[in-house]
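Following: one structure in C-alpha cells, then a few remarks.
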Amino acid sequence: MSAITGLLRLRDRVSGKEIEEMNRVLNHRGPDGVETKTRGPAGFGHQSLETTPEADSLTLPVHDETYLFTCDARIDNRDELRSRLAIEANREVSDAELILAAYDKWGERCPEALLGAFAFAVWDSEAERLFLARDHMGVKPLYYYTDETVFAFATEMKALLAREFIDGTINQKRVGTYLVGHDDQKEQTAYDELYRVPPATAMTVESHSVSKQTYWELDPSRELHLGSDEAYTEQFREIFADAVRSRMRGAPPIGTTLSGGLDSSSVACTAAHYRTFDEPVHTFSLVFDDLPACDEREYIEAVLREGSFESHYIPGDSKGPLSYLDEILWCADGPFAGTNMFMHRDLYRSVADQNVRILLEGVDGDSVVSHGFRYLAELASSGRLLSLARAVKAASEFELFEQRSIRQVLWQFVVTPLAPESGRSLWRRVRGGEDVVANNPIIDKAFADRIGLRQMIEQSASRFEPARTERQFHYNQLQNGVQPRSLELANKVAGYYGVEPRFPFFDKRLVEFCLALPASQKFHVDGTRIVLRRSLSDILPDAIESRTDKASSAENLKQGLLRRNGEKLTDLVEELPDPLESMIASTELARVRQSAREQDPTLDEIMTLWRVAVLSRWMSDNQSDETNSAPAGPKRCENHNIDVSN
C-alpha cells in the first residue's frame, strides 16, 4: 500500500518543487522509497510501501517516451492480463507494469480488464490527456481538486490541502449530514473544494474539460440458477478461497484480524488452510477483560485451536473513542464515522510491531453476503406460509445484536417490505420518521434549513428502489456510500503504521456472486448467510459455523466516552468553536450532557456527544491551521525528484 500525488497545470509547466511539497505531506506512507517526476505540465509523486513480491522491480512514477504513470495497486488477475497482453511468462512484471500495459492496449477502457484494488494515474503526453481510475469497490482512496487552471489528485486530502490554491473551506452540508448520522455521500468530502473519485469510476482531464465515467455497475436483476445447494456452496467456496489467496500475495508474515465472529473467522481459517508458506498466520484480536458482554475470547480460541496461528491480543477496553482523536482526525482528514477506530488504531500498531505488513480483515461480510431477512417477505408474497412460520420462528431466535420477538420479526421483515409505499409513508409520518430535523434535535433548525438538509436526505434516499425483495435490499446496502468511506478510513489509519489492510469480502467477483444468489442461499432456519457457513464447514470450528449471535461494542463505547474520556469530552463539548456553535441546538446539547451525567444515556445520545466532540476538535484544528501538522511518526525516506521533460 503506497500513496500517489499528482498535479496538472492546464496553462503552464509544473515545477518539481510543488509536486515535492505535495508528496512530502504523505511521507508517513513511504517507508520503502519516495520519488517525484515532472514532464511539462504534469508532475507525479509516489510514496512506496512494498507489499507484493514484484514491487521492487520498478520505481514509480514510471516515465517513457509517451507516458508518466503512478499507482497504488494490487492486481489479482495477473495471469489473465499477462496472457491478454502477450507478456512472456518467464519475465518478472510488477502490477504497475500490467496496468500501464493495459492502458497502452485498451486506453480508457483498461479499468474494465483489471481485478483487484487500485488507484492510478496516466499522463499521456502525445494525447495531452490525464487519465485516473479507482477500483470497483473503492478500497484504494483517491481525491481531487480542479479549477480552470489546475487539476490535482492524491491518496489523502492533506496532500491537496498543502497547495496554496486550495483554501480548505469546510463543507457545511457535510457537517449537517454528519451531525444527524446520514453522511453517505460518495463524492463530496468535508471540504468544499475537494472531491473523492467514486468507486468504479475513471476520470479524463484535458485542456478544456474534466469528465467522469462509471466503468462497472452491479446488476440487481441478475439471478443465479445453479440447481442445488451443493452447487452454490461449491462455487462460493471457490470464489471466496481465491479472494483470500489473492490477498495473501506478499512476503510473510501475513496477518488477519480475528474477532470471533463469522466474517473474521472465515477469513482467518481460509488463510491458514490455503497458505503456501511455513510460517503461521498471525491473528490480531481485541479482547475485553473488564466488559464480558463485549468479549468474544471463547470464539477466538475456538478458531485458534483449528489451525496454524500465532495469536496476539489487544485490550479493547483500556481507552475510549477520543483517546487518539487528534491522530485519527489527521489520518482521516476530517470527521469520521468509525466510533471503534480507537481500538483498531491500537490493533494496527500491534500489527506493525510484529513486522506484519499485510493484514486481511473480515470487514462487512454482513453486507456482502447478506443475512437474507427479506426472504421472509418473499415467502409471504408467494403464499408459502408453512415455510414462513418456520423462518419467522428461527429469525426471532437469532441474536444479531438484539433478539426480536415473533411480532417484531413479522413487522420488520414481512409487513413493512410488502406494504404499499403510500402506507409506509403514512406510518413514517405518524411516527415522525419523515422529518430528519425533528428526529435529530441536536442540529440547529435554521442551519438545517440553510444547507437544505431535508432535501439532501430525501435526494439520497431517492437513489434506491423500495426494498420489497431480498435482492433489492441487498443491492441498496451495497450501493451505500458509507462502505467505501469505511474502507478509506481503515486504509489511512493502518497506512500511518505501514500496514496494508486487505478486504477479501470486497472482492468484485464475490460481491457479484452474492448479490445474484437466490434469497434461500442467504437466509435459512439454521442461520443467516447460510451459503458461507456451508461452504466453509470443513475448516470452521463448529462453534463459529453454528453461531447466530454477535457481541455488541455499545457498552464499551459508552464506558470509553463517559468514563475513560469523560474529562476530554467535557472540554470538547463545553466550549464549541464559533462555526460549530451556530450549527448546534444549544438547549438539546445541554439536555444530552445532563442525561449523560445523571442517568443511563441512550445509544443515540452517546452518538450525539461523540459526533459533537469530533466536530469540535476538527473545527478548532482548522481555525488554528493545524490540519497538516503530522503526529510524530517513524523516519521515512528522502524525496528524489527527476524532470523527464523532452
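The values are calculated or read from the model by the stated rules, or taken from the named source; none is laboratory data. Everything numeric here is computed off the predicted structure, so don't read it as measured data. Cβ placement follows ideal geometry from the backbone for every residue including glycine, while neighbour counts extend to all protein chains displayed. Heads up: the accessible areas ignore ligands, DNA and RNA and are worked out on the full protein's heavy atoms, side chains in. Shrake-Rupley method; radii C 1.70, N 1.55, O 1.52, S 1.80 Å.
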If ligands, DNA and RNA are left out, what is the accessible area of residue 475 with a 1.4 Å probe, given in Å² to the nearest 10? 50
R0 = 56 Å: FRET efficiency of residue 228 with residue 169, Cβ-based, nearest 0.05? 0.45
Whole-Hz ³J(HN,Hα) from phi, Karplus 6.51 cos²θ - 1.76 cosθ + 1.60, for segment 488-497, glycine and proline x: 4, 4, 4, 4, 6, 5, 5, x, 4, 9
In deg cm²/dmol and to the nearest 500, what is the mean residue ellipticity at 222 nm of the chain if only DSSP H runs of at least 4 residues count, each as -39500 (n - 2.57), divided by the residue total? -11500 deg cm²/dmol
Quick one: if the Förster radius is 25 Å, what FRET efficiency do residue 349 and residue 289 give, using the C-beta to C-beta distance and rounding to 0.05? 0.85
Which far-off residues, 5 or more places away or on another chain, put their amide H under 5 Å from the one on residue 210, with H placed in the peptide plane? none
Along the Cα-to-Cβ line of residue 91, 7 Å from the Cα, sits a label point; which residues in segment 97-128 have backbone N less than 19 Å from it? 97-107
Modelling each spin label as a point 7 Å along the Cα-to-Cβ direction, I'd like the residue 340/residue 211 distance in nm, to one decimal. 4.3
Restricted to pairs 8 or more residues apart or on different chains, the lysines in segment 482-602 with C-alpha atoms under 21 Å apart form a number of pairs equal to 4
Note, segment 275-282: 3J(HN,Hα) by Karplus (6.51, -1.76, 1.60, θ = phi - 60°), whole Hz, Gly/Pro = x, goes 4, 10, 10, 6, 5, x, 6, 7
Give me the distance in nm between label points sitting 7 Å out from Cα along the Cα-to-Cβ direction at residue 390 and residue 12, one decimal. 7.3
Descending semi-axes in whole angstrom, ellipsoid equivalent of the chain, from the Cα gyration tensor: 38, 32, 25
Taking only protein heavy atoms and a 1.4 Å probe, the highest-to-lowest accessible-area order of 212, 550 is 212, 550
